[in-house]
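Note sheet for the following structure.
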Amino acid sequence: MRSTTTRVCLATAALLAFGGSARAGPMGFDGSQMAMGDFGPNWREAWVNHAYTPRDAVGVGGLSMRSDDGRKTRDVAELTYTRLMARWNLPHAQANAWLVVGAGGIRGNDYAGTRTLLAPGIQLDYETTRIYVAAFGRLYRADGLRHDYAAVRAGFSFYEAAYEETQPWLIVEARHMRGLSERVEITPMVRLIDKGYFVEAGLNTEKQARFNFMYIF
């Protein structure tokens, strides 16, 4: 009985330690690379980073945003720094606090040239092998521009799965970008997690398609 309980605890710890970064975290394990993308009609983002310690990563990324009516666009190129500020290992659960800071340039179709951009952000997340919730915010600031971004996510897995097995999740996200959209975009998505990667696909309330991916290598 004690041996069985020990194996269950070790399996849960492994899922949270290795699978947890595939579910929520903006960086992978020490020495790994993470690639991530988020693609929709008004928001397209891709970046890659390298974790040079268990808590720190540096990377590079690009982001393209446009307004709901398609008239205003923003294109961002940035260097990023990610820091795991805190981690709480709870019984059968894990919670994290992350700092993400970006610096680079931003261009728009309603002004000339490239403006210097600073984009600090924070992410808070909590997960078990069956439940996931997260909140994320970033301040995209440049001369005359204040495109602040906020998002909340919640979801659940359909069943328990071993680390070697694919696990399906249902995730619902609400997000908003200040200065480019007057509405809150709500998107239900199906997420498939398998070891060091996940993929997500769904339709938002405006019937627009969205696809996300993450891969740790």
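Just for the stretch 185-215: of the residues that are of a type in the set (V, I, T) and modelled with pLDDT of 95 or more, which one is surrounded by the most Cβ atoms within 10 Å (Cβ to Cβ)?
Keep residues of the stretch 185-215 that are of a type in the set (V, I, T), which gives 186-187, 190, 193, 199, 205.
Adding the requirement that they be modelled with pLDDT of 95 or more leaves 186-187, 190, 199.
Numbers: I186: 12, T187: 23, V190: 14, V199: 16.
Top of the filtered list is T187.
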Where a residue in the stretch 138-159 is of a type in the set (F, W, Y) and its partner, wherever it lies, is open to solvent by 50 Å² or more (accessible area, probe 1.4 Å), with Cβ under 7 Å and at least six apart
F156/R130; F156/I131; F156/L170
Can you tell me which residue among S32, S64 is without any contact (Cβ under 8 Å) to a residue 60 or more places away in the chain and among the polar types (S, T, N, Q)?
S64
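Might you check whether a residue that is farther than 25 Å from M65 by Cβ, open to solvent by 30 Å² or more (accessible area, probe 1.4 Å) and not in a loop (DSSP other than H, G, I, E, B) occurs anywhere in the stretch 144-162?
Residues of the stretch 144-162 farther than 25 Å from M65 by Cβ: 156-162.
Applying the additional criterion that residues be open to solvent by 30 Å² or more (accessible area, probe 1.4 Å) yields 156, 158-160, 162.
With not in a loop (DSSP other than H, G, I, E, B) added as a condition, the list becomes 156.
Yes: the stretch 144-162 contains one or more residues that are farther than 25 Å from M65 by Cβ, open to solvent by 30 Å² or more (accessible area, probe 1.4 Å) and not in a loop (DSSP other than H, G, I, E, B).
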Here is a check on your reading of the model: is E182 under 29 Å from S67 (Cα atoms), modelled with pLDDT under 90 and either open to solvent by 60 Å² or more (accessible area, probe 1.4 Å) or touching a strand residue (DSSP E or B) at 6+ places or on another chain (Cβ under 7 Å) (or both)?
yes
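I need the strands (runs of 3 or more DSSP E) fully contained in the stretch 29-141, keeping only those with at least 1 residues that are surrounded by fewer than 17 Cβ atoms within 10 Å (Cβ to Cβ), modelled with pLDDT under 95 and not small (G, A, S).
Working: elements: 33-39, 43-51, 56-66, 73-90, 93-108, 114-127.
Ranges flagged: 73-90.
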Quick check on the stretch 143-179: of everything there that is among the acidic types (D, E) and closer than 17 Å to Q123 by Cα, which residue is modelled with the lowest pLDDT?
D148
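On the basis of being more than 17 Å from W98 (Cβ to Cβ) and open to solvent by 70 Å² or more (accessible area, probe 1.4 Å), does E165 make the cut? Outline the logic, then answer.
On the way: more than 17 Å from W98 (Cβ to Cβ): yes; open to solvent by 70 Å² or more (accessible area, probe 1.4 Å): yes.
Spelling it out, E165 is indeed more than 17 Å from W98 (Cβ to Cβ) and open to solvent by 70 Å² or more (accessible area, probe 1.4 Å).
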For the stretch 35-50, pairs from a residue that is farther than 20 Å from E206 by Cα to a residue that is open to solvent by 50 Å² or more (accessible area, probe 1.4 Å) and not in a strand (DSSP E or B), with Cβ under 8 Å and 6 or more apart or across chains, are A35/F217
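The values are calculated or read from the model by the stated rules, or taken from the named source; none is laboratory data. It should be emphasised that the depicted structure is a prediction, and the values quoted were computed from it without experimental measurement. Because the Cβ atoms are built from the backbone with ideal geometry, glycine has one as well, and the counts that use them run over all protein chains shown. Heavy atoms of the whole protein, side chains included, go into the accessibility calculation; ligands, DNA and RNA do not. Shrake-Rupley method; radii C 1.70, N 1.55, O 1.52, S 1.80 Å.
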